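Here, each number is a calculation from the coordinates, and none is a lab measurement. Quantities reported herein were computed from a predicted structural model and do not represent experimental measurements. Don't worry about glycine lacking a Cβ; one is built from the backbone with ideal geometry, like all the others, and counts go over all protein chains shown.
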Amino acid sequence: MTTMTFKKFLPLVVLTTVLLGFGAQTASADTLLLNVGNAGAGGPGPYASLDYSLINANTATFTFTALNNHLLTDGGAVALNVSGPFSWDGTATTTINQPTVTSQGSGTEDGFGTFNFRLTVGDSSPTSAIETITFTLTNASGWANTASILTPNNDTPGRLAAAHVGLLDSSGAFSTTGFATNGPASVPDGGTTASLLGLALAVGGLVTRRRK
């Protein structure tokens, strides 16, 4: 390719690179720390984390992980406020135990507002509590990107996710149980803003060079 030909197609190369970067962001993963606990949560936070991402436009995967000697337990073990119409297929993978996991539907997580998807895990005993849980949700209409999967709930500030956690003592029993949620909701944009800014700068630079 000659220098003249390369210069001719340079604007297209730049724009294509930026747009491909933008497209890659839509498949990115996001992480939330559930670092705000009520009086029963016990111990230092964060109490759990949530990793979530899109498998495809219609399917999102979620993994809750208990942290700092906590386990996920009982009613409202995990909760999400999901954007748009969605469904759960009734399956989940758990560690360290394999208790029964059932849907609770919409409801509150003890002082942190209402969430439209909640799961019950086992009962209130440590022997049926879990360290992690992974499951998928499906939206027939599709999500535009990872940032659009969850939406702030009716709490102030809005919350995206919550968990029912138990703090283990030295004997392996729960010394206390309570609920935890993420801090002030700042819905991740998966890098969308940065990509759009890059696109704007690239286009602006090309226009400036053409005017010279």
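Quick notes on this structure:
- Net length available on complete extension from A173 to T151 is 4.4 nm, with 0.36 nm assigned per residue and the Cα-Cα distance removed.
- Taking other residues whose beta carbon is less than 15 angstrom from the beta carbon of L33, and scoring Lys, Arg as +1 and Asp, Glu as -1, yields -1.
- Sites I96 and T59 - FRET efficiency at Förster radius 41 Å, r taken between beta-carbons, to 0.05: 0.95
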